[in-house]
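The values are calculated or read from the model by the stated rules, or taken from the named source; none is laboratory data. None of the values given here were measured: they were computed from a predicted structure. Please note: Cβ atoms are built from the backbone with ideal geometry, for glycine as well, and neighbour counts cover all protein chains shown.
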Amino acid sequence: MRAGRWRDARTLLETEPFHRDNSVASLQKLCLGECRVKCHDDAAALGAFRESLDLAPSAAAELGAARCLARLGRDAEAAAGLRRALFRRALPEEQIATVTLEAAESECRAGRPRAAAAWLRLSRRRGAATPESRALEGVLTGRRVGDDDCFLARAAFAGRRDGAFLDRVRANAWCVHDPAYRALDDKVALHRRITERGDAALRATWPEARELPCAEEFDDDGGGGDAVTWVAKPRRGYGGGGVVFHGSWAEATSAGHGAHLAQRYVAPLLLRGRAASLRAYVVVRGGDAWLAADGVVRFAPRDYGDGLDGAVHATNAAQSLLDGADLAEEDFGWARDRVPGWESRAWPRVEAAAAGVARLARLAGSSPLVPGLPKILGLDFAVDGRGDAWLLEVNATPGLAPRAATDGRVKEAVVAAAWDLPPRSRDSLLRPLALPP
């Protein structure tokens, strides 16, 4: 674990017997939970943290479980868990303010802003407030709290065009946005909304998908073995954690998945001999939406071939880093010259999916705590051999911190453009989307 070999540590902890002493076994389960978090598998990590709590309760395990719940979108449970971690009075002094802010953010996302404001007020009176917690308390109470030039006041409330880049990145993930965006992270809910709404253009970009667990049987032309036909994804997840590739529908349904979405595998167009995907960025502000003309092309860590190994099929950047692969990414300008029919097939489907997703958020009918704040969404696409782009998932809080040269250049441009709306010229990176009625 100290060497950062999280997958190896996870495998060791999962296969070795646990100690007979409950306190030692609890620590082992705690370490297993941390390894699973680093591998981006929050559902499995939550199980390990809860087993640790059953053996020997601790603030660390309580905190780990609560943070998993927050990332899984179970906000009310997360807020309760964070409060329990604070009540154990075992957290380091320097961590109390951070955990209090996390509890308040979970309360906001759960639709309980008054409870969030009460937590922040208590934290401030105890001298444990931070610039971020004072900013959120100011939003919830309608006034500034303290004299700190906190990041939201600097980058959002004041409307400055030269706000610090990382401040704006953090603001995109804050709890003040419209709750409708957070629902887009739920793959099962997204599937239901896409298939049940009347937006035919969006539906045409969504691969065949079914909810798991499922007892339905049908002939999927997949006989099992090494050819991937279905991809099982956790209902909520990030970084590619918990994604499993299956050779047939029978395999997918018999694997014991919990709340997952099984999505028909899109046989990819190979670029550089590897599976590749597109990360596109959509910016929404108020009732308007824009699609960034540039994005990132991501590659699987290993050359394409038969087999169910995720390193051959998955193009997620976080998983590539866990594999120790270089993030040799490209931009859309590079893809335009290499994807057949980019202008006639791939890009029009990206535009249709982007407009449809922005419309879904608008139809939810909720409202942000800070009106007018731009929201950046990440949309992931696979491209098949004909050049058709297929929407795989939506990320309400995409990672916007730079990871590599091309990745960083694109992200910095997207973030800058999002905070410079409306576009000042026709040459702007952001192109307006015509949202379906």
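Which condition does LEU400 not pass, out of (1) buried (at least 22 other Cβ atoms within 10 Å of the Cβ); (2) at positive phi, if it passes all the others?
Result: LEU400 passes all but (2).
Among the listed residues LEU82, LEU32, LEU27, which satisfies the condition of being surrounded by 22 or more Cβ atoms within 10 Å (Cβ to Cβ), touching a residue at least 24 places away in the same chain (Cβ under 8 Å) and not in a loop (DSSP other than H, G, I, E, B)?
Details: LEU32 fails: touching a residue at least 24 places away in the same chain (Cβ under 8 Å); LEU27 fails: surrounded by 22 or more Cβ atoms within 10 Å (Cβ to Cβ).
Result: LEU82 is the single residue among LEU82, LEU32, LEU27 that is surrounded by 22 or more Cβ atoms within 10 Å (Cβ to Cβ), touching a residue at least 24 places away in the same chain (Cβ under 8 Å) and not in a loop (DSSP other than H, G, I, E, B).
Just one of the numbered conditions (1) in a helix (DSSP H, G or I); (2) within 23 Å of LEU140 (Cβ to Cβ); (3) touching a Lys or Arg at 6+ places or on another chain (Cβ under 8 Å) is not true of ALA116; which one?
Exception for ALA116: condition (3).
Looking at (1) of a type outside the set (Val, Ile, Thr); (2) within 22 Å of ASP384 (Cβ to Cβ); (3) modelled with pLDDT of 80 or more, which is the only condition ASP306 fails?
Going through (1) of a type outside the set (Val, Ile, Thr); (2) within 22 Å of ASP384 (Cβ to Cβ); (3) modelled with pLDDT of 80 or more one by one, ASP306 breaks only (3).
State which residue is surrounded by the fewest Cβ atoms within 10 Å (Cβ to Cβ) when the search covers only region 96-117 and only residues that are of a type in the set (Gly, Ala, Ser) and farther than 16 Å from LEU369 by Cβ. So that I can check it myself, show each step before the final result.
Our first condition is that a residue be of a type in the set (Gly, Ala, Ser); within region 96-117, this holds for 97, 103-104, 106, 110-111, 115-117.
Those left that are additionally farther than 16 Å from LEU369 by Cβ: 97, 103.
On the way: ALA97: 18, ALA103: 26.
Once the filter is applied, the top-ranked residue is ALA97.
Taking GLY64, is it out of contact with any helix residue (DSSP H, G or I) (no Cβ under 8 Å at 6 or more places or on another chain) and assigned by the TED database to the domain that holds ARG10? First the steps, then the outcome.
Numbers: out of contact with any helix residue (DSSP H, G or I) (no Cβ under 8 Å at 6 or more places or on another chain): no; assigned by the TED database to the domain that holds ARG10: yes.
No, not satisfied.
Determine if region 83-91 includes at least one residue that is small (Gly, Ala, Ser) and more than 27 Å from the chain's Cα centre (by Cα).
Residues of region 83-91 that are small (Gly, Ala, Ser), as a first pass: 85, 90.
Still in the list and also more than 27 Å from the chain's Cα centre (by Cα): 90.
There is at least one residue in region 83-91 that is small (Gly, Ala, Ser) and more than 27 Å from the chain's Cα centre (by Cα).
Which condition breaks for ASP388 when tested against (1) among the charged types (D, E, K, R); (2) surrounded by 14 or more Cβ atoms within 10 Å (Cβ to Cβ); (3) farther than 30 Å from ALA164 by Cβ; (4) out of contact with any Lys or Arg (no Cβ under 7 Å at 6 or more places or on another chain)?
(4)
Restricting region 264-306 to residues that are among the hydroxyl-bearing types (Ser, Thr, Tyr) and assigned to a strand (DSSP E or B), which is nearest to GLU251 (Cα to Cα)?
Taking region 264-306 and keeping what is among the hydroxyl-bearing types (Ser, Thr, Tyr), we get 265, 277, 281, 304.
The next check asks that each one be assigned to a strand (DSSP E or B); those that pass are 277, 281.
Working: SER277: 25, TYR281: 34 Å.
Of everything passing the filter in region 264-306, SER277 is nearest to GLU251 (Cα to Cα).
Take the conditions crowded, with 21+ Cβ neighbours inside 10 Å and either small (Gly, Ala, Ser) or assigned to a loop (DSSP other than H, G, I, E, B) (or both) and apply them to SER52. Does it pass? Even if it seems obvious, please write down each step before you answer.
Values: crowded, with 21+ Cβ neighbours inside 10 Å: yes; either small (Gly, Ala, Ser) or assigned to a loop (DSSP other than H, G, I, E, B) (or both): yes.
So SER52 fits the description; yes.
Look at SER58 and say whether it is more than 16 Å from GLU105 (Cα to Cα), surrounded by 22 or more Cβ atoms within 10 Å (Cβ to Cβ) and over 23 Å from the mean Cα position of the chain (by Cα).
Values: more than 16 Å from GLU105 (Cα to Cα): yes; surrounded by 22 or more Cβ atoms within 10 Å (Cβ to Cβ): no; over 23 Å from the mean Cα position of the chain (by Cα): yes.
No: the conditions fail for SER58.
Select the strands (runs of 3 or more DSSP E) contained entirely in region 343-437, then report the ones holding at least 3 residues which are aliphatic (A, V, I, L, M). Break it down into steps so the answer makes sense when it comes.
On the way: elements: 375-383, 389-395, 430-432.
Passing ranges, in order: 375-383, 389-395.
Give just the number: which of (1) surrounded by 14 or more Cβ atoms within 10 Å (Cβ to Cβ); (2) out of contact with any Leu (no Cβ under 7 Å at 6 or more places or on another chain); (3) at pLDDT 85 or above does HIS191 not satisfy?
Every listed condition holds for HIS191 apart from (2).
So ALA252 clears everything in (1) crowded, with 19+ Cβ neighbours inside 10 Å; (2) within 26 Å of LEU377 (Cβ to Cβ); (3) of a type in the set (A, V, I, L, M) except one condition, right? Which one?
Evaluating ALA252 over (1) crowded, with 19+ Cβ neighbours inside 10 Å; (2) within 26 Å of LEU377 (Cβ to Cβ); (3) of a type in the set (A, V, I, L, M) leaves (2) as the failure.
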